[in-house]
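Below you'll find the structure, written out as structure tokens, and then a few comments.
The values are calculated or read from the model by the stated rules, or taken from the named source; none is laboratory data. For clarity, every value in this text was computed on a predicted model and none was experimentally measured. A quick note on method: Cβ atoms are made from the backbone with ideal geometry, for glycine too, and the neighbour counts reach across all protein chains shown.
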Amino acid sequence: MKRLINVILLGVSTVALASCGDSAKKLLATGSLFGNAPKPPAAAIAAKPDPLARPIQVGWVSARATKCGFFFNPAKLKQQYLAAEAATGLPLDQLNKLSLTYEYSRKSTALKIAKAEGYCSDARAKAIRTDLQRHLAGDYSPTPKVIKVKEQSTNWLSDLGDSAPEKFDAGKILYPND
């Protein structure tokens, strides 16, 4: 009960201070007071890019687009991709490694999906089309991964209890030591 009163008083004082001005709103937020401060999404945390992610992605998309019957030239896509990598100043041995990675990705993906019935669903075809168009336009960056972030409670009163209330048992009150 004492905890509940302290939390309510803290909430009331926070609201009172926050209504005083803009700077108080920035300094005091109920989420930060009760441990529900918004956290940056996982995608916002910068990660070191994988140098082989691009050839894997482009080879993968090429195999998937071929399986689904998209009209494009896979050899020309590979050539354009490698030309774009060469324009960044990569040495020949690195370009060969990217070419081998591309081919491995394309062939292994093609083998994996070769006998998959119903592979080219509407949703999958739309995703493949989006990636293929992006690659044909010269953007060879990997498709960003979608990370679902669990939404946090915005109602600070619901976070007061540590767990669900126990089922009422009169025997525990009348005979606590049993």
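Looking at 103, 117, can you tell me which residue is at pLDDT below 90 and closer than 17 Å to residue 66 by Cβ? Talk me through it step by step, then tell me what you get.
Details: 103 fails: at pLDDT below 90.
Only one candidate passes the filter, namely 117.
Among 134, 64, 129, 124, which is surrounded by 17 or more Cβ atoms within 10 Å (Cβ to Cβ) and either of a type in the set (Lys, Arg) or at pLDDT 95 or above (or both)? Break it down into steps so the answer makes sense when it comes.
Details: 134 fails: surrounded by 17 or more Cβ atoms within 10 Å (Cβ to Cβ); 129 fails: surrounded by 17 or more Cβ atoms within 10 Å (Cβ to Cβ); 124 fails: surrounded by 17 or more Cβ atoms within 10 Å (Cβ to Cβ).
Only one candidate passes the filter, namely 64.
Evaluate the following for residue 28: is it modelled with pLDDT under 90 and surrounded by 14 or more Cβ atoms within 10 Å (Cβ to Cβ)? Can you show your working first?
Details: modelled with pLDDT under 90: yes; surrounded by 14 or more Cβ atoms within 10 Å (Cβ to Cβ): yes.
Criteria met by residue 28.
Only residues that are aliphatic (A, V, I, L, M) and over 27 Å from the mean Cα position of the chain (by Cα): list them for region 55-83, please.
In the first step, residues of region 55-83 are kept if they are aliphatic (A, V, I, L, M); the result is 56, 58, 61, 63, 65, 75, 77, 82-83.
The answer is 75, 77, 82, 83.
For region 68-92, enumerate the residues that are touching a residue at least 40 places away in the same chain (Cβ under 8 Å) and hydrophobic (A, V, I, L, M, F, W, C).
Of everything in region 68-92, those that are touching a residue at least 40 places away in the same chain (Cβ under 8 Å) and hydrophobic (A, V, I, L, M, F, W, C) turn out to be 68, 70, 72, 77, 84.
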